[in-house]
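Structure first, then comments.
The values are calculated or read from the model by the stated rules, or taken from the named source; none is laboratory data. Quick caveat: nothing in here was measured; it's all calculated off a predicted structure. Reconstructed Cβ throughout: ideal geometry from the backbone, glycine too, with neighbour counts over all protein chains shown. Ligands, DNA and RNA are excluded from the accessible area calculation, which covers all protein heavy atoms including side chains. Shrake-Rupley method; radii C 1.70, N 1.55, O 1.52, S 1.80 Å.
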Amino acid sequence: VQSSQTQKQKDDDAEVLDALIVGAGFNGIYQLHRLRQEGFKVRLFEAGADMGGIWYWNCYPGARVDSHVPIYEFSIEELWRDWNWTERFPAWDELRRYFHYVDKKLDLSRDIRFGTRVCAAEFDEARDQWVIRTTDGAVVRARFFILCTGFASKPYIPNYKGLESFAGESFHTGLWPQEGASFTGKRVGVVGTGASGVQVVQEASKDAAHLTVFQRTPILALPMQQRKLDVETQQRMKADYPEIFRVRRETFGGFDILRDERSALEVPPEERCALYERLWQKGGFHYWIGGFSDILTNEEANRTMYDFWRDKTRARIKDPALADKLAPMEPPHPFGVKRPSLEQWYYEVFNQDNVSLIDVRETPIAEIVPEGVRTADGLVELDMLVLATGFDAVTGGLTQIDIRGTGGVTLKERWTEGARTYLGFATSGFPNMLFLYGPQSPSGFCNGPTCAELQGEWVVGCLKHMRENNKRRIEATAQAEEEWTQFLNAIADMTLFPRADSWYMGANVPGKPRQLLNFPGVPMYMDRCNTVAAKDYEGFVLD
Ligand code: N01
């Protein structure tokens, strides 16, 4: 009794903030910066020892961003004016340096508590405040609870029999040791061929004594066309930055890539191929999002893109049997409805003598043993096992926290049948809780910094509106949430996204409800959000 009374006293006496932000990635630090500018009393809690969010945890060899310079940075001139990158697609360590630079310029970390994992939060109805707890026993109260946990903060690890028994080194890419780990001279196994797997495989192929890649679904990876960038080139490029940043706010995925508004099928085949070739040479995501308007909605149009990709890719693989595995004649799923990744020498890796591929659909992993991986065909001996098996994406970072709204229901319970939100910002029964880059917002379909700014400004506007109107509480209505969910599901049904078992669909984690977790189309999304704000937050109840 005494200890619960002490806890209650501690909860009652906790420091009261206007907002507590969780996560020091792009979204979290943008919130911290802007809310502070607007005079709110805010603090940020970050589980990692440093800033960077995804770039803190995913420090595996080869980790680098898939967005070309200058798309993956803040559009704040005070920041971009003096910052230069060394490569067109920067690596994780350079991104971390960028975060340190931003920290210095905006003086952020004085309000960040690192090494502080938020594990629970409950809404105190009497005070209209969140009571937020951390694993080290700290308690803080905040009017607003702003979750910026990113789309990939909860790693997914398959439930392999014997995984704990493995005697060598074993790492998930999203929990890579900060001190690093070397592949040199080792027998390395990589499970998974998503964006993380591709990057690890490229690096491990250089130094591993032997590399075994366990593939379930071939990735439809695109050429990165990486290149070094010098300062002079970037100083010239900067004349165009304001326009580039304007365009990125107005395009489908928050990039500066405009698509061809025609159907792929109304264009003569030679012209179509010429466009595909141009996009291919530009590199990066140009081939994915710079194509024709019906690629993600029309299967026949989509097939033209798959076939071009397949022929280009197969030409790089010497062994026809391996080519059938890596770039099959028939698509494993429509092109681009599972996230393509960018590669530099991924396909050439499989021409090397020290690399082998195991198709786990044909030869499943039976168990992990101390010596390595036992498949249906026998033992693959390993010194290192890399799990590039992805994340409980978009929702996992939120539902892994014990968040209790009105009536004591947890967010995890609330979303058992699937995530339900209004505008991808809020969910009924959880007043004053807003999340960014979350489910049913553009999230994984949007370049991170673009949405950190666009969604971020909406949140800042909302908090200002509350303050100006003396409101203490905002909550999405169940009806608005239902309509938003139906609206997004209807959009999903018009696309080919449901045709792949991807994390976009929540389909990469066994048992997770299948639904389109990301809203396709930043302009349409922001238009809706801004209309709601202009109509005094229609669909929310403000008290
Ligand atoms: O995860 P994923 P990721 N047995 O879910 C396989 C971003 N990102 O970490 O396709 C065997 O994409 C799974 O197989 P399948 C980016 O948005 C960006 O690679 O489900 N295999 C798949 O091959 C990306 O999309 C960057 O059949 C199993 C892989 O593991 C997102 O993060 C870099 C398995 C998981 O792929 C996630 O990427 C890295 C099992 N039981 C990540 N379970 C850049 O910007 C899963 N797999 C460059």
Can you give me the Cα centroid spacing of the range 464-529 and the range 152-188 in angstrom? 33 Å
P(r), alpha carbons of the range 272-341 - 5 Å bins starting at zero, rounded %: 3, 17, 27, 26, 18, 7, 1
Using Cα-only point scatterers and the Debye equation, what is log10 of I(q)/I(0) for the range 497-543 at each q in 0.33 Å⁻¹, rounded to two decimals? -1.10
How long is the gain from residue 330 to residue 105 if the chain were fully straight, where each residue apart is worth 0.36 nm and the alpha carbon distance is subtracted? 75.9 nm
Kindly point out, ordered by number, any Cys in the chain whose beta-carbon has no other cysteine beta-carbon under 4.7 Å away. 59, 119, 148, 273, 462, 529
Percent of accessible area on the chain owned by carbon and sulfur, 1.4 Å probe? 49 percent
With +1 on each Lys and Arg Cβ and -1 on each Asp and Glu Cβ, how big is the dipole of the range 360-437 about its Cα centre, in debye rounded to the nearest 20? 640 debye
Of all beta bridges DSSP finds with both residues in the range 10-164, what is the antiparallel percent, to the nearest 5? 50 percent
Report the residues of the range 231-263 in range of a label on residue 81: point 7 Å along Cα→C-beta, backbone N strictly under 16 Å from it. 235-236, 238-243
How would 445, 151 rank on accessible area, largest to smallest, probe 1.4 Å? 151, 445
Consider a paramagnetic label point 7 Å from the Cα of residue 97 along Cα→Cβ; state which residues of the range 450-473 have an amide N under 18 Å from it. none
Extension gain, residue 377 back to residue 356 (0.36 nm per residue minus Cα-Cα distance, nm): 6.2 nm
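For the chain, what does -39500 (n - 2.57) per DSSP helix run (n ≥ 4), summed and divided by total residues, give at 222 nm, in deg cm²/dmol to the nearest 500? Each step should come with its number before you reach the end.
On the way: 18 runs with 179 residues, N = 543.
It comes out at -9500 deg cm²/dmol, rounded to the nearest 500.
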Sketch the reach of a paramagnetic label on residue 181 as a point 7 Å from Cα along Cα-to-Cβ, and name the residues of the range 330-374 whose backbone nitrogen lies under 19 Å away. 356, 367-374
Identify all lysines with a Cα-Cα distance to residue 325 below 18 Å; exclude those on the same chain that are fewer than 8 residues away in sequence. 312, 338
Its Cα gyration tensor gives the range 1-57 an equivalent ellipsoid whose semi-axes in whole Å, largest first, are 28, 17, 5
Quick calc, residue 41 & residue 536: beta-carbon distance into FRET formula, R0 35 Å, rounding 0.05, result 0.90
For the chain, what is Rg from Cα atoms divided by 2.2 N^0.38 Å, rounded to two decimals? 0.98
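Give, in nm to one decimal, the length gained when the segment between residue 318 and residue 10 is fully stretched (0.36 nm per residue of separation minus the Cα-Cα distance).
On the way: separation 308, 0.36 × 308 = 110.88 nm, distance 6.64 nm.
Fully extending the segment from residue 318 to residue 10 adds 104.2 nm.
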Which FRET efficiency, nearest 0.05, do residue 486 and residue 235 yield, Cβ-Cβ r, R0 60 Å? 0.75
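Mind checking the dipole of the chain: about its Cα centre, +1 per Lys or Arg Cβ, -1 per Asp or Glu Cβ, Debye to the nearest 20?
Numbers: 63 positive and 76 negative charges, 119 e Å.
For this selection, approximately 580 debye.
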A student applying the Cα gyration tensor rule (rounded when a/c is under 1.5; otherwise prolate if a/b is larger than b/c, oblate if not) would label the range 98-214 prolate
State log₁₀ I(q)/I(0) for the range 400-498 at q = 0.14 Å⁻¹ as given by the Debye formula over alpha-carbon point scatterers of equal weight, solvent excluded. -0.59
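Apply 1/(1 + (r/R0)^6) to the Cβ-Cβ distance of residue 400 and residue 138, taking R0 = 22 Å, and write down the FRET efficiency to the nearest 0.05. Walk me through the numbers before you get to the answer.
Numbers: r = 18 Å, r/R0 = 0.83.
Once the sixth-power term is evaluated, E becomes 0.75.
So in the chain, what percent of DSSP beta bridges are antiparallel if you round to the nearest 5? Could you put the intermediate results ahead of the total?
On the way: 26 of 66 bridges.
The antiparallel fraction comes to roughly 40 percent.
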With every atom except the alpha carbons ignored, what do you get for Rg and Dmax of the range 198-283, in angstroms? 18.4, 50
Set Lys and Arg Cβ to +1 and Asp and Glu Cβ to -1, take the dipole of the range 188-326 about its Cα centre, and tell me which of 286, 245, 204 lies farthest positive. 204
Centroid-to-centroid separation of the range 232-269 and the range 324-400 [C-alpha atoms, Å]: 32 Å
Please calculate how many Å² of accessible area the chain carries per residue, with a 1.4 Å probe and no DNA, RNA or ligand atoms counted. 40 Å²
